[in-house]
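Report on the following structure.
The values are calculated or read from the model by the stated rules, or taken from the named source; none is laboratory data. Computed from a predicted structure; not experimentally measured. We place every Cβ from the backbone using ideal geometry, glycine too, and count neighbours over all the protein chains shown.
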Amino acid sequence: MTNGVSRRNLLLSTIIGIFGIAAYSNHRGIRYPLMSWEPEMPANSIRRNSNLFMLDQLLALPSKDATEVAMRALGPEPKLTISPSKTSSQLQLRLNNVSPRARLIRDGSIGSQVEEKTLGLTRQITISLEPGSEIELRWQLPQHEGLQFAAIGDTGAGSELEWCIKRAAELGATFLFHLGDFNYAEGDYARALHAFESAEIPCYVSVGNHDFHDRGLVYADFLTRIGPFNSAFSLGKTRFVNLDTAASFMPISGGARGRFVQQMVADTQIDQHTIIVTHRPLVDPDKDDDHDLGSKRERAWLLEKFEAMGADTMLCGHIHIFSRSQIGSLDQIVVGQGLGHQDLLVNDITESKIALGTIQSGGAVEWQFLPLMMPLTLHCHPRTEAVKATLRNGPHAQSVAAVDQACASGHKKSARAASKAL
């Protein structure tokens, strides 16, 4: 009798354990091919010195200075709400990735004093807080209609990334969507972080498969220095949804992304134009290849949710081409030419493209696909070496030799600069 009860208890415990693991897996989500739990996403609130900070389109950054609260903007119009402690205090805030066009608007506590200094994309803010009274700081662009933004992916983190940001700024973009994959080689994460933090215009970054896993899980710096894997912001009637497609999900609707997608569906407004910004395309334009999400069920689920969101456009990279195709009601635009290696193949800097969108009256976006115009001598990332190797004995050998010489010179300058810094 005792053995029978023990077996039943063991079976019951096993069943409960299986259901518990299944429920936890659905909540956390499992990412594959590396079969890992989905990481915890950054918090949308922090507490410093007894003051509560509520973050909207903001990421709290690690800071060595205990007296400073450092943040990175995740959208053009971020908002910070501070609930002070019961005693007066002075705060130092540093907010990076904010357009110089954005104007600070404050609401709340009349007694609190706010001073702001602008240096490039960084705002240095000093606040003398009155106890107990909430204060709200938000940044607002002067207008949305006519605003331009750029998008491109798959840049690596060398001179090519710097050029893509520069080119977007030259074209008049207020901000750039980086569509993922800045991490192709050792040191790329550090170089990309520096490039994004010192950029001419704000950069909002989708996580790419190489940014998520590359010889192991490598996303820690993404979550602490760049942003969450899923985020969204609206400019008037135009909504941008930055969605994680870096690695597949099990179950497909599980984890933080699943909850985020359901929230985006619930928040959808009838007269809103929604643009999906992500890394991997739903469908590979080349029917003989499979550089897309890879799972028919995941593709079908996402497409159904995109339609429920009212999404009419998806910007993506992953495949190092430019392509535009219609998938149901969705306009899929692949802009993965951030390394610009097609320019090398044809010896023409007008071959690779960058997307430029202009917000129209009512929130619709008008698209242009313009030459990246990257100087051939900037093609120095190790990722392009295989392409250059095929060209050194061909009709463009002289051009590639000039690229090799420029890259060698650039590497020497970098080495000298590094040695001086030691």
What number of residues in segment 367-383 are polar (S, T, N, Q) and at pLDDT 95 or above? 1
Determine if segment 330-345 includes at least one residue that is of a type outside the set (A, V, I, L, M, F, W, C), without any contact (Cβ under 8 Å) to a residue 24 or more places away in the chain and over 30 Å from residue 143 (Cα atoms). yes
Can you tell me which residue among 88, 99 is of a type in the set (Ser, Thr, Tyr), surrounded by fewer than 21 Cβ atoms within 10 Å (Cβ to Cβ) and under 21 Å from residue 53 (Cα atoms)? 88
Testing residue 356 on (1) free of Cβ contacts under 8 Å to residues at least 60 places away in the same chain; (2) aliphatic (A, V, I, L, M); (3) more than 30 Å from residue 296 (Cβ to Cβ), one condition comes back false. Which one is that? (1)
Residues that are surrounded by fewer than 20 Cβ atoms within 10 Å (Cβ to Cβ) and in the same structural domain as residue 265 (by TED's automatic domain parsing): which helices (runs of 4 or more DSSP H) entirely in segment 291-401 hold 2 or more of them? 296-309, 341-346
Condition (residue is crowded, with 19+ Cβ neighbours inside 10 Å, hydroxyl-bearing (Ser, Thr, Tyr) and touching a strand residue (DSSP E or B) at 6+ places or on another chain (Cβ under 7 Å)) applied to segment 111-121: is it met by at least one residue? yes
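Here's the yes/no breakdown for (1) over 30 Å from residue 187 (Cβ atoms); (2) not polar (S, T, N, Q):
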| residue | (1), (2) |
| --- | --- |
| 302 | yes, yes |
| 331 | yes, yes |
| 336 | no, yes |
| 341 | no, yes |
| 361 | yes, no |
| 366 | yes, yes |
| 381 | no, yes |
| 385 | no, yes |
Would a scan of segment 339-360 turn up a residue that is modelled with pLDDT of 95 or more, over 20 Å from residue 167 (Cα atoms) and out of contact with any His (no Cβ under 8 Å at 6 or more places or on another chain)? yes
Pairing a residue in segment 396-411 that is in contact (Cβ under 8 Å) with a residue 12 or more places away in the chain with any residue that is assigned to a helix (DSSP H, G or I), where Cβ atoms lie under 6 Å and the two sit 6 or more apart in sequence or on different chains, gives 400/388; 400/391; 403/376; 403/377; 406/377
Enumeration of residues in segment 178-194 that are at negative phi and out of contact with any Cys (no Cβ under 8 Å at 6 or more places or on another chain): 182, 183, 184, 185, 186, 188, 189, 190, 191, 192, 193, 194
Identity of the residue in segment 123-175, of a type in the set (Val, Ile, Thr) and buried (at least 17 other Cβ atoms within 10 Å of the Cβ), that ends up nearest to residue 358 (Cα to Cα): 174
For segment 261-308, enumerate the residues that are among the β-branched types (Val, Ile, Thr), modelled with pLDDT of 95 or more and out of contact with any helix residue (DSSP H, G or I) (no Cβ under 8 Å at 6 or more places or on another chain). 275, 277, 278
